[in-house]
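The values are calculated or read from the model by the stated rules, or taken from the named source; none is laboratory data. What you are looking at is a predicted structure, and each value in this text was computed from that prediction instead of being measured. Cβ placement follows ideal geometry from the backbone for every residue including glycine, while neighbour counts extend to all protein chains displayed.
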Amino acid sequence: MSRPSGNLPRDPGQRGWTLPELLIAVALISLLSVVITKFISTTRLSISKQEASWVLQQRALRMVSNLRGGLEGGTELLENYPDSNQTAVLNLRSWVLSGITASASVSAGVPQPVAFTLTPTVTSLDEVDMNGPSDSGASAWGNEIMYVSVCNPLTFTAYYASSACGTGTCWSPVSSSAGATVAETVSIGRYQFVYDYLTWTRAIVSGLGPVLRVAEWRSGTYIDASNLTSLQDVSCCAGATTCCPRFTAACQYLYTTGNQNAFNPVSTTSATCFLVLTSTSASLTNESSTAMASPLTNCWAYLDDFDLTPSFRLDPTLQLGRIARNSGSAEGQIAGQATYSVAYDSMPAGLASVPSLTLQSPSGILQVPKFGAVTSPMGTDPTGGPAGFEVGICGMAGSREIVLHLTLMASTASNVNPYQLQAYDVTSEISLAISPDF
């Protein structure tokens, strides 16, 4: 507060603030600061919540799109069939799982399936049972899917030289165009084993447990054995007893390029569906799945880490590892950090001491699982399986209906209770005119 200088009278327009006035001003400024801070905080939390809703929707739709894209390239389902072929199919499933376990020790280790993973039981009904976890048909649902996928074929140029043979002309393959009489393009089909399953990660959902994600694993490639043997064409060998130049050239090319394992999709048992090229001498030898080495990993990815159907790396000499999204991600950079996970079960499996999880979606409170039966505890998190990834399969052989149900949850700064989270779910049906069952 100012005072008059010397003997000069004080100008009324230059007087300072009185103490009451100053206290009132400070109070008003403090109140305004609180209001502005509260507004910024509320706005940030609101943006965080809206951003989480958008990310949940995009992740769910991307995962369903990737599953659909992969299944549309499938030729056989390796699932739990209630018929005489069940044992053979489950042997193949165990064989695939052995490959994933063996791949866990490599530098880009493949994530392991959760302890409560369950293959769905295929039913002959026109529709899968969607009456809920308490219905008798709920036990047919699973939380994984495994199938054989068709890959891009191997294509090469075969060169042949002619020679006299009996009363006609025979053709034999040569290694290059030098001295060749005829050249042709030969194409050989290939397959991959594909497995989509739940896995725990090292990330943590605040107050709950580890993040749960869906991973997709793809094996190395296997030559289509039936396609290869169909190249045994003797029409060019007039007067010869045995002549298969196309088949011989293909076997030599496959063996020298490291493509020595073959799979016969029309075989009826797992003991005869695998064959191997033992040398360049154009011979295929049956090899049982139990004697086959564990399938090598070609690549793996989290199902929400790539856009649409990825270009999977089919060259076994390339470094293994997961495939990142092409467009990158800006998730959590607008309003703060967020953690996203496949939803835990919202119904404890006989554990009353575990609080029930409340998942709020735009359409209301979600139930997880929605269709499958609640099974044993999830392991790392004790709220029970099968969690928010459900697969149901129905229909007759050669025509299958696959129902995919996915529930995702998000933990953001807007959460005031770790057991009350945002969520989003989507159900998608896929009709496949797939090959007859294995």
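I'm trying to understand the selection: among the residues of the range 288-303, which are modelled with pLDDT of 75 or more and surrounded by 18 or more Cβ atoms within 10 Å (Cβ to Cβ)? Of everything in the range 288-303, those that are modelled with pLDDT of 75 or more and surrounded by 18 or more Cβ atoms within 10 Å (Cβ to Cβ) turn out to be Pro295, Thr297, Asn298, Cys299, Trp300, Ala301, Tyr302, Leu303.
Remark: Ser94 falls outside the filter, which requires a residue to be in a loop (DSSP other than H, G, I, E, B), more than 18 Å from Glu401 (Cα to Cα), modelled with pLDDT under 90 and of a type in the set (S, T, N, Q). Annotation: Gly166 fulfils all but one of (1) at pLDDT below 80; (2) at negative phi; the unmet one is (2). The residue list Ser103, Ser30, Ser2, Ser48 contains one member that is surrounded by 11 or more Cβ atoms within 10 Å (Cβ to Cβ) and either modelled with pLDDT of 80 or more or over 23 Å from Leu406 (Cβ atoms) (or both), which is Ser103.
The set of residues in the range 142-159 being among the small types (Gly, Ala, Ser) and either surrounded by fewer than 20 Cβ atoms within 10 Å (Cβ to Cβ) or at pLDDT below 90 (or both) consists of Ser149, Ala158. Taking the range 254-283 as the search range and keeping residues that are crowded, with 20+ Cβ neighbours inside 10 Å and of a type in the set (Phe, Trp, Tyr), which one is modelled with the highest pLDDT? If we take residues in the range 254-283 being crowded, with 20+ Cβ neighbours inside 10 Å and of a type in the set (Phe, Trp, Tyr), then Phe263 is modelled with the highest pLDDT.
Please go through the range 97-148 and pick out each residue that is among the aliphatic types (A, V, I, L, M) and assigned to a strand (DSSP E or B). Matches in the range 97-148: Ile145, Met146, Val148.
Of the strands (runs of 3 or more DSSP E) entirely within the range 368-438, those holding at least 3 residues that are at pLDDT below 90 and either of a type in the set (Ser, Thr, Tyr) or surrounded by fewer than 20 Cβ atoms within 10 Å (Cβ to Cβ) (or both) occupy 420-432.
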